[in-house]
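Data first, discussion second: the structure below is written as structure tokens.
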Amino acid sequence: MPCTPSVKRSSRPPPSTLAVVDMGSNSFRMEVGRVEGRQIFPLDTWRETLRMGGSLDAKGRINVAAQRAALACLARFGERLRGLHPGAVRAVATNTFRVATNAPEFLAKAERALGFRIDVISGVEEARLIYVGVAHLLPDHEETRLVIDIGGGSTEFIVGRGLDALKLESLRLGCVSCSQRFFGSGKLSAAAFITAETYAAAEIEPIAREFGRKAWSAAYASSGTALALAAILEGNGMSSGGITPEGLRALRARMIVAGHIDRLELVGLKDDRRPVLAGGTAIMTAALAVLGGKRIDPVGGALRLGVMVDMLGRAEARDVRVATIEQFMQRYRVDDTHARRVGDLAEALYRRAVARPSPESLLRVRWAALLHEIGLTVAHESFHRHGAYILEHADMPGFSAREQKALSLLVLACRGKLAKVAPLVADADWRAQILALRLAVLFHHARSPLVAPRLTLRMQPRITVKVPAAWLKRHPLTTWLLAQEREQWRRVGFPWRG
């Protein structure tokens with residue numbers, strides 16, 4: 001019987017208002033929506049063009065001027081969001097903040113300016129959320145779809161059917177980076193377009209087998225680049241509808257005749273889109289050529305809507321992260337029965353140790369228990385280290401980079417020396433999570449049914465772990481293991497009473 005990786009949730013209704021902040025490489029956007037049943041209706045939309053993807057210096061650091069502009073923007077967003085419950089707001093950061101070497105320092109300041117936590121999401125997670133948004137904007141039928149989202153620093157490709165994404169890919173290929181690299185001076189020439197399109201095609205070619213014309217029946221493009229291209233092609237008579245190879249060729253010809261982006265005059269071309277139009281055109285041209293598309297229709301707001309739908313699912317206990325945990329348990333051949341036993345005890349101990357455990361911490365403790373042995377597929381020795389590495393670096397739909405890192409650290413801490421996670425132990429809640437998981441693993445060392453003792457566990461004013469003497473006498477190995485565990489906590493400055 002497979003293990004169901006879930007915890008008891010409160011039955012509180014989902015929030016009536018949701019908000020998303022999308023920190024993209026080209027622009028920052030904020031969207032506030034009203035929830036009615038399973039529908040989300042937009043209330044406010046804000047957008048500021050910052051081109052963070054073009055702000056990285058030679059060392060890959062976000063420059064000071066760009067940081068200052070971004071923090072001012074987030075402060076303005078924060079004023080609008082003030083008063084909303086933290087659970088009703090999610091801020092996500094994409095490619096620039098995945099690659100910038102000083103992203104951690106900047107994000108700490110950004111969170112203070114915004115007033116809410118910011119999650120850096122992986123390219124694959126960005127692709128999944130984009131598809132969730134697109135799927136909720138399109139009619140619900142069984143066509144197989146290709147979705148392309150050209151952002152400022154990356155381009156996401158998804159093949160899906162209905163509400164389910166089947167294939168996900170993210171390439172470091174964006175309209176800001178491509179425009180800077182091949183059209184940095186603003187000059188528009190045939191040679192520059194050939195070079196840019198060749199480069200983009202070479203990046204897309206490795207995924208052509210999985211995302212090519214045979215894999216889908218209809219194609220859609222989300223993001224500002226797609227909406228801008230469609231508006232320009234249709235507004236200037238280059239397309240009767242949507243984005244087509246013929247329309248893109250006509251647009252490229254008009255740009256080459258203009259010779260420079262500042263001299264380009266087109267119906268529908270907005271000033272904030274002008275500096276990145278050439279790069280976006282080159283990428284879209286290459287994508288259609290390599291993947292065999294004859295027409296692609298634009299869809300707006302995909303990532304932000306996808307994040308909102310995902311948040312609504314979490315509030316209603318339809319959390320995609322649960323499915324991810326289940327998939328990982330199957331993929332890494334986890335012993336379901338043993339994992340469930342450890343998970344049940346870890347959750348119970350954590351609830352006992354903390355007066356008001358947060359829902360996210362409860363989930364983390366249970367999920368870490370369920371996955372603490374996935375590293376056994378690599379090697380038995382130091383399996384917790386292998387498991388931690390997998391959890392930090394694998395694609396985990398539904399999880400942000402921060403959430404993956406936290407889960408990884410908890411699995412790393414499930415056994416062995418505590419010195420390796422000493423900074424975490426200094427935090428009271430982390431201390432309780434780690435102790436609960438380690439004790440659950442310890443008590444189930446025999447991997448057989450266990451009637452756990454009536455254990456006393458307190459964290460304040462100092463750690464207290466008491467096990468009935470009669471039980472300990474019947475379990476000499478567990479007694480010895482508890483003594484070793486007690487010594488580990490003493491070494492990091494938290495000696496037990498017991």
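Residues of region 12-29 include at least one that is surrounded by fewer than 22 Cβ atoms within 10 Å (Cβ to Cβ) and among the β-branched types (Val, Ile, Thr).
I need the full set of residues from region 174-197 which are buried (at least 24 other Cβ atoms within 10 Å of the Cβ) and either within 19 Å of Tyr131 (Cβ to Cβ) or of a type in the set (D, E, K, R) (or both), in order please. The one that is buried (at least 24 other Cβ atoms within 10 Å of the Cβ) and either within 19 Å of Tyr131 (Cβ to Cβ) or of a type in the set (D, E, K, R) (or both): Gly174.
The residues listed here are Ser154, Ser122, Ser179; of these, the one that is over 25 Å from Ala253 (Cβ atoms), among the polar types (S, T, N, Q) and out of contact with any Ser or Thr (no Cβ under 7 Å at 6 or more places or on another chain) is Ser122. Do you know which of the residues in region 70-97 that are at pLDDT below 95, under 21 Å from the mean Cα position of the chain (by Cα) and among the small types (Gly, Ala, Ser) is surrounded by the fewest Cβ atoms within 10 Å (Cβ to Cβ)? Top of the filtered list is Gly87.
The residue of region 243-268 that is farthest from the chain's Cα centre (by Cα), among those that are surrounded by 20 or more Cβ atoms within 10 Å (Cβ to Cβ) and farther than 19 Å from Gly186 by Cα, is Gly247. Please verify whether Ala196 is part of a helix (DSSP H, G or I) and in contact with a helix residue (DSSP H, G or I) (Cβ under 6 Å, 6 or more places away or on another chain), treating the condition exactly as stated. It is true that Ala196 is part of a helix (DSSP H, G or I) and in contact with a helix residue (DSSP H, G or I) (Cβ under 6 Å, 6 or more places away or on another chain). Residues in region 340-349 that are surrounded by 22 or more Cβ atoms within 10 Å (Cβ to Cβ) and among the small types (Gly, Ala, Ser): Gly343, Ala346.
Based on this model, can you work out whether Arg352 counts as surrounded by fewer than 20 Cβ atoms within 10 Å (Cβ to Cβ), in contact with a strand residue (DSSP E or B) (Cβ under 9 Å, 6 or more places away or on another chain) and closer than 18 Å to Trp430 by Cα? Judged against the criteria, Arg352 is a match. Taking the numbered list (1) surrounded by fewer than 18 Cβ atoms within 10 Å (Cβ to Cβ); (2) in contact (Cβ under 8 Å) with a residue 12 or more places away in the chain in turn, His384 passes all entries but (1).
If you go through region 427-456 and pick out every residue that is in contact (Cβ under 8 Å) with a residue 60 or more places away in the chain and of a type in the set (Gly, Ala, Ser), you end up with 4. Candidates Thr101, Thr155: the one that is at negative phi, in the same structural domain as Gly174 (by TED's automatic domain parsing) and polar (S, T, N, Q) is Thr155. Of all residues in region 455-486, those satisfying the criterion of being in a loop (DSSP other than H, G, I, E, B) and either assigned by TED's automatic domain parsing to the domain that holds Val441 or surrounded by 12 or more Cβ atoms within 10 Å (Cβ to Cβ) (or both) are Leu455, Met459, Ile463, Val467, Pro468, His475. Those helices (runs of 4 or more DSSP H) of region 95-139 in which 2 or more residues are closer than 16 Å to Met52 by Cβ, hydrophobic (A, V, I, L, M, F, W, C) and touching a residue at least 24 places away in the same chain (Cβ under 8 Å) occupy 95-99, 103-114. Filtering Met308, Met284 for residues that are under 24 Å from the mean Cα position of the chain (by Cα) and closer than 30 Å to Phe399 by Cα leaves a single hit, Met308. Being among the basic types (Lys, Arg) and more than 18 Å from Leu305 (Cα to Cα) is the filter here, so list the residues in region 70-97 that pass it. Passing the criteria: Arg76, Arg80, Arg82.
Residue-by-condition table, conditions (1) at pLDDT 95 or above; (2) among the hydroxyl-bearing types (Ser, Thr, Tyr); (3) touching a His at 6+ places or on another chain (Cβ under 7 Å):
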{"site": "Thr195", "(1), (2), (3)": "yes, yes, no"}
{"site": "Pro206", "(1), (2), (3)": "yes, no, no"}
{"site": "Ser223", "(1), (2), (3)": "no, yes, no"}
{"site": "Leu233", "(1), (2), (3)": "yes, no, no"}
{"site": "Met238", "(1), (2), (3)": "yes, no, no"}
{"site": "Gly242", "(1), (2), (3)": "no, no, no"}
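Name every residue in region 40-65 that is farther than 22 Å from Ser223 by Cα and either among the polar types (S, T, N, Q) or in a helix (DSSP H, G or I) (or both), in order of residue number. Across region 40-65, the qualifying residues are Asn63, Val64, Ala65.
Note on region 217-232: residues that are under 15 Å from Glu156 (Cβ atoms) and either part of a helix (DSSP H, G or I) or more than 25 Å from the chain's Cα centre (by Cα) (or both) total 3.
The values are calculated or read from the model by the stated rules, or taken from the named source; none is laboratory data. This one's a predicted model, so the numbers in the text were calculated from it and none came from an experiment. Here the Cβ is made from the backbone with ideal geometry for all residues, glycine too, and neighbour counts use every protein chain on show.
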